[in-house]
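First the structure, in the form of structure tokens, and then the observations on it.
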Amino acid sequence: MRIMVKISKHDNLLDTINKAITSGNYIYTGHAEQRLQQREITRQEVKQILSTGHHEKRKDTFDEEYNEWNY
């Protein structure tokens, strides 16, 4: 029997994102690189969107299979 504890959500998601961008403490995964090409957008555009965007909390979902939040 496997018991999983649901992880908590980030309280200040946009602050966490902005700190990561400012400090350069982030990576682009292979999947992210693939999506950049498919959508024909640049890394700079992604940084701009993440820096100036807003969090639509109503779209947050919890993925029980991977035990993680999707924002």
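Each reported figure results from applying straightforward, stated rules to the coordinates on display, with no laboratory input. Because the structure is predicted, anything quoted here is derived from the model rather than measured.
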Quiz item: Add -39500 (n - 2.57) for each DSSP H run of 4 or more in the chain, then divide by its residues: what number comes out at 222 nm, to the nearest 500 deg cm²/dmol?
Solution: -13000 deg cm²/dmol
Practice problem: With a/c under 1.5 counting as rounded, go ahead and sort segment 13-70 into rounded, prolate or oblate using the C-alpha gyration tensor (a ≥ b ≥ c being the square roots of the eigenvalues; past the cut-off, prolate if a/b is larger than b/c, else oblate). | Solution: oblate
